[in-house]
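The next block holds one structure in the form of structure tokens; read it before the comments.
The values are calculated or read from the model by the stated rules, or taken from the named source; none is laboratory data. It should be emphasised that the depicted structure is a prediction, and the values quoted were computed from it without experimental measurement. Ideal geometry is used to build each Cβ from the backbone, glycine not excepted, and the neighbour counts take in all protein chains shown. When the accessible area is computed, the model is the full protein with side chains, heavy atoms only, and any ligands, DNA or RNA have been set aside. Shrake-Rupley method; radii C 1.70, N 1.55, O 1.52, S 1.80 Å.
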Amino acid sequence: MTEPVPFEIYLVATPGLEAPLCEEACAAGFDAKVVEGGVAFMGLWPDVWRANLELRGATRVLARTGSFRAMHLAQLDKRARKVDWASVLRPDVPVKVEASCKRSRIYHAGAASQRVAKAIAEELGAPVADDAEVRVMVRIEDDLVTISLDTTGESLHKRGFKEGVAKAPMRETMAAMFLRQCGFDGTQTVLDPMCGSGTFVIEAAEIALGLKPGRERRFAFEQLAGFDARAWEAMRVPGPSAPTTVRFFGSDRDAGAIRMANENAERAGVTDRVRFEQQSIEMLEPPEGPPGIIIVNPPYGTRIGNKAPLLGLYRTMGTVIRSKFPGWSVGIITSDKDLARATGLGLELVEPTVLHGGLRVGLWRKP
């Protein structure tokens, strides 16, 4: 039996969070490096499954399954037909083909995706459908055609637990990377005084307990050829819960947010490690135990002219933290340096900034 040949596995990152994602992938045992737009390493199909199951910072996992040169559409058609589609796709599972072209003689992405879709349909017999879960991605750059499979399906920030979402939610993938950038390793208390639906607090509790972020959801790779359901089930079996006595705290002045946070924590199975309570930032008190990490994604007004009330909020937050939380490290996510500085906490921006909801936001940190 021939040995399987490793291929490139590409982790799509939130723009600006490639470095902490690479750290996470290396810590998980992958020989990863930062590349344009994400993180890459060589591996086999079980590595694809494990990356989807275990990595908290990736948006999706792509399997780079082939590449060839093509100067024009006829050549693309001919060479796409020679790809061993049967080794990765099933003839009974619909596929969707998407293409992008950059600095290439083939410049029409729509025509390129049609040619590859036709090749798959005629050579393999797989139906082509716009709503297919299995996505074949064709990138043509400098006349080099790279074929990738989206092995994830729905974006990895959808862990499968969070039904309740507050205003301006922080994606779980981003929350995990910001926690990493704040030095969180599962052993420190985490407190979020404007917790919304609880993302930072729940993510911290899951990390401390050693829970796998993809443990409850489905993935597109389950629809691919060669998928080994038995090996996958064995991989998904949860290990023993990491023993931890650390607690995680969230508060918010909005009763609806607290209700959602508690419901989300229950679905995630971390209720006994977290506590959410309705209160304003002025009422904040440190929990018992050693200093930990305060991390918060406060409002950051985007319209000109509504900054004044926010400056007051940030000043109050800074005053409360300075007076009641000596020794705690702080991470504040905001799009505005004036707001960060209004805290008076001496925060420093972690570069690069991150695209979130159409805005460039940054983690302002005080270790």
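Hey, among Y314, Y300, which residue is part of a helix (DSSP H, G or I), hydroxyl-bearing (S, T, Y) and open to solvent by less than 40 Å² (accessible area, probe 1.4 Å)? First the steps, then the outcome.
On the way: Y300 fails: part of a helix (DSSP H, G or I).
Every option except Y314 fails the conditions.
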Notebook entry, point to check: Does R275 fit the bill of being in a strand (DSSP E or B), modelled with pLDDT of 95 or more and open to solvent by 60 Å² or more (accessible area, probe 1.4 Å)?
Noted result: yes
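Checking the condition open to solvent by less than 70 Å² (accessible area, probe 1.4 Å), closer than 14 Å to A220 by Cα and modelled with pLDDT under 95, which residue from L149, L156 passes?
Exactly one of L149, L156 is open to solvent by less than 70 Å² (accessible area, probe 1.4 Å), closer than 14 Å to A220 by Cα and modelled with pLDDT under 95, namely L156.
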Next item on the list: Could you pull out every one of the strands (runs of 3 or more DSSP E) wholly within region 1-97 that has 3 or more residues that are hydroxyl-bearing (S, T, Y) and in contact (Cβ under 8 Å) with a residue 12 or more places away in the chain?
Entry: 58-69
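This table checks each residue for (1) over 20 Å from C182 (Cα atoms); (2) within 30 Å of the chain's Cα centre (by Cα).
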| site | (1), (2) |
| --- | --- |
| R253 | yes, yes |
| A261 | yes, yes |
| T271 | yes, yes |
| V296 | no, yes |
| A308 | yes, no |
| G312 | yes, no |
| M317 | no, yes |
Next item on the list: Specify which of the listed residues (L149, L124, L156, L144) is more than 30 Å from V201 (Cα to Cα) and under 26 Å from the mean Cα position of the chain (by Cα).
Entry: L149
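For region 196-205, which residues satisfy the criterion of being in contact with a strand residue (DSSP E or B) (Cβ under 8 Å, 6 or more places away or on another chain) and either aliphatic (A, V, I, L, M) or open to solvent by 10 Å² or more (accessible area, probe 1.4 Å) (or both)? Before the answer, list the steps.
Here is the first cut: in region 196-205, the ones in contact with a strand residue (DSSP E or B) (Cβ under 8 Å, 6 or more places away or on another chain) are 196, 198, 200-202, 204-205.
Correct list: G196, V201, I202, A204, A205.
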Next item on the list: Sort through R60, R64 and tell me the only one that's surrounded by 14 or more Cβ atoms within 10 Å (Cβ to Cβ) and in contact with a Phe, Trp or Tyr (Cβ under 6 Å, 6 or more places away or on another chain).
Entry: R64
Next item on the list: Kindly check whether there is at least one residue in region 206-218 that is open to solvent by 70 Å² or more (accessible area, probe 1.4 Å), in contact (Cβ under 8 Å) with a residue 60 or more places away in the chain and part of a helix (DSSP H, G or I).
Entry: no
Check: Between a first residue in region 176-202 that is under 15 Å from P213 (Cβ atoms) and a second residue that is in a loop (DSSP other than H, G, I, E, B) and hydroxyl-bearing (S, T, Y), which pairs have beta carbons less than 8 Å apart while being 6 or more apart in sequence or on different chains?
Finding: M177/T14; G186/T244
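Could you tell me which residue of region 110-122 is nearest to F227 (Cα to Cα), considering only residues that are of a type in the set (A, V, I, L, M) and open to solvent by less than 30 Å² (accessible area, probe 1.4 Å)? First the steps, then the outcome.
In the first step, residues of region 110-122 are kept if they are of a type in the set (A, V, I, L, M); the result is 111-112, 116-117, 119-121.
Right, trim to open to solvent by less than 30 Å² (accessible area, probe 1.4 Å) and you get 111-112, 116-117, 119-120.
Working: A111: 31, A112: 28, V116: 23, A117: 22, A119: 23, I120: 19 Å.
The qualifying residue nearest to F227 (Cα to Cα) is I120.
Of P326, P367, which residue is open to solvent by 30 Å² or more (accessible area, probe 1.4 Å), under 26 Å from P290 (Cα atoms), more than 20 Å from the chain's Cα centre (by Cα) and at pLDDT 95 or above?
Values: P367 fails: at pLDDT 95 or above.
None of the others qualify; the one that does is P326.
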Note to self: Can you tell me how many residues within region 337-363 are surrounded by 14 or more Cβ atoms within 10 Å (Cβ to Cβ), farther than 17 Å from P15 by Cα and not β-branched (V, I, T)?
What the structure shows: 6
Next item on the list: Pull up region 29-57, narrow it to residues that are closer than 26 Å to A234 by Cα, of a type outside the set (D, E) and open to solvent by 30 Å² or more (accessible area, probe 1.4 Å), then point me to the one that is nearest to the chain's Cα centre (by Cα).
Entry: R50
Check: Any residue in region 84-106 that is in contact with a Lys or Arg (Cβ under 8 Å, 6 or more places away or on another chain) and within 30 Å of V237 (Cα to Cα)?
Finding: yes
Next item on the list: Say whether the condition of being surrounded by fewer than 22 Cβ atoms within 10 Å (Cβ to Cβ), in contact with a Phe, Trp or Tyr (Cβ under 8 Å, 6 or more places away or on another chain) and not in a helix (DSSP H, G or I) is met by at least one residue in region 123-136.
Entry: yes
